[in-house]
Amino acid sequence: MLESVTMTKILDGRAMSRNIEKTLLRKVSNLALRPKLVIMQVGNKEESNTYIRHKITFAKRIGVAVWHKKYDEAVREESIVSDIKKYNRDNSMQGIIVQLPLPKRLSASRVLEVIQPDKDVDGLTSASVNALLRNESGFVSGATRAVMAILDREKVKVAGKKVVIVGRSTLVGIPTALALVNRNATVTICHEYTKNLAEETKRADILITAVGKPKLITKNHVAPRQIIIDIGITVVDGNRVTGDVDYDKVKDKVKAITPVPGGVGPITIACLFENLIEACAKKF
Ligand code: NAP
């Protein structure tokens, strides 16, 4: 348990992801049919290509088939919507992902809304979000599920803890806040208008960042008792991946911290496939 650790604990996301992978491999081998996921991508954004490559690699390792449907940048919204409707009807597919971001001229919310909730393994339709709002069962995004997985794994008692989340996007910050409120944490959400960020972040028992700004969180934003979960991913200097936390300067000043790379990212992918296998288990 973290409570008894005196040195900073580095929360190794790769090791956690490997553990989840082993469980999923066993679950997939016990299923009557091979699970299938469709990933729909518009354009050729390098970051999206990388995320999708990681998902496909993970899928192969656990025996899941992935259909990567790539559209030209100029595709009409109706074509994507019509394909989603087709995949909704296709019983051989249990999960549908629309890789975000979409080009600005397309409406992500309109497109996502067409996904049948029981195939919404990214947890992005309003049905999934409503379930989270009401603390009912439903799919939550891989990143939110990854945060919960880390806290569970470390046996952190979330109820009554002060959680500060930096970032309020509908994709990451808000769903993660809701999931933690559902676990009875006291949650503060910070954003660009937050007046004194360091004052807020230092109050946290658990500090979660989902911003996308390297080194936003410095040693002046943290306190020794804290668990830091860095969801941010930014590519700097062409190919180096970094989080929101100034990791080298912060890591010895807190109780536990996720590195980037090798922290939340690998767990997020594993959690996405946990969602998919749960979708299958309900069908097969
Ligand atoms: P986003 O939509 O751009 O949201 C960023 C949030 O950060 C906004 O709410 C923004 O506030 C806030 N923010 C920006 N500058 C700030 C500042 N100086 N102080 C406080 N708050 C500030 O991004 P997103 O989609 O949520 O993604 C966030 C990060 O998570 C990105 O790096 C993304 O790549 C990463 N991500 C990682 C995973 C994973 O598996 N690890 C999964 C998904 C996303 P306002 O609302 O006021 O503008």
Of Val147, Val235, Val64, the one that fluctuates the most in a GNM where the chain has Cα springs shorter than 10 Å: Val235
Pick from Leu102, Leu132, Leu11 the residue whose mean-square fluctuation is largest in a GNM of the chain, springs joining Cα atoms under 10 Å. Leu102
If you wrap a convex hull around the Cα atoms of segment 136-284, how much volume per residue is inside, in Å³? 118
Of Lys253, Lys86, Lys27, which is the most mobile in a GNM of the chain whose springs link Cα atoms less than 10 angstrom apart? Lys86
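Hey, got a sec? Which GluC sites (Glu not before Pro) in segment 44-130 land in a DSSP loop and have at most 14 other Cβ atoms within 10 Å?
Values: sites: Glu46, Glu47, Glu73, Glu77, Glu78, Glu113; in loops: Glu73, Glu113.
Sparse-neighbourhood loop GluC sites (Glu not before Pro): Glu73.
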Could you give the C-alpha radius of gyration of the chain expressed as a fraction of 2.2 N^0.38 Å, taking N as the number of residues it contains? 1.00
Between Glu113 and Leu33, what length in nm is gained on full extension when 0.36 nm per residue of separation is reduced by their alpha carbon distance? 26.1 nm
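Using a 1.4 angstrom probe, figure out how much accessible area the chain has per residue, in square angstrom, rounded to the nearest whole.
Working: 14100 Å² over 284 residues.
Ligands and nucleic acids excluded, the figure is 50 Å² per residue.
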Counting only backbone N atoms under 15 Å from a point 7 Å out along Cα-to-Cβ of Lys70, the residues of segment 88-115 in range are 99
Portion, in percent, of the accessible area of the chain that falls on carbon or sulfur, probe 1.4 Å: 52
Shape call for segment 219-261 from the C-alpha gyration tensor, a ≥ b ≥ c root eigenvalues: rounded (a/c under 1.5), prolate (a/b greater than b/c) or oblate? prolate
Hey, what do the phi angles of segment 243-256 turn into as Karplus ³J(HN,Hα) couplings, whole Hz, using 6.51/-1.76/1.60 and θ = phi - 60°, x for Gly and Pro? x, 8, 9, 6, 3, 4, 7, 8, 4, 8, 10, 10, 6, 8
Above-threshold pairs, the threshold being 31 Å between Cα atoms, out of Lys55/Lys195; Lys69/Lys215; Lys157/Lys219; Lys69/Lys161; Lys60/Lys157: Lys55/Lys195; Lys69/Lys215; Lys69/Lys161; Lys60/Lys157
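The values are calculated or read from the model by the stated rules, or taken from the named source; none is laboratory data. Everything quoted here is computed from the prediction, not taken from an experiment. Cβ sites come from the backbone with ideal geometry, for glycine too, and all protein chains shown count toward neighbours. Heavy atoms of the whole protein, side chains included, go into the accessibility calculation; ligands, DNA and RNA do not. Shrake-Rupley method; radii C 1.70, N 1.55, O 1.52, S 1.80 Å.
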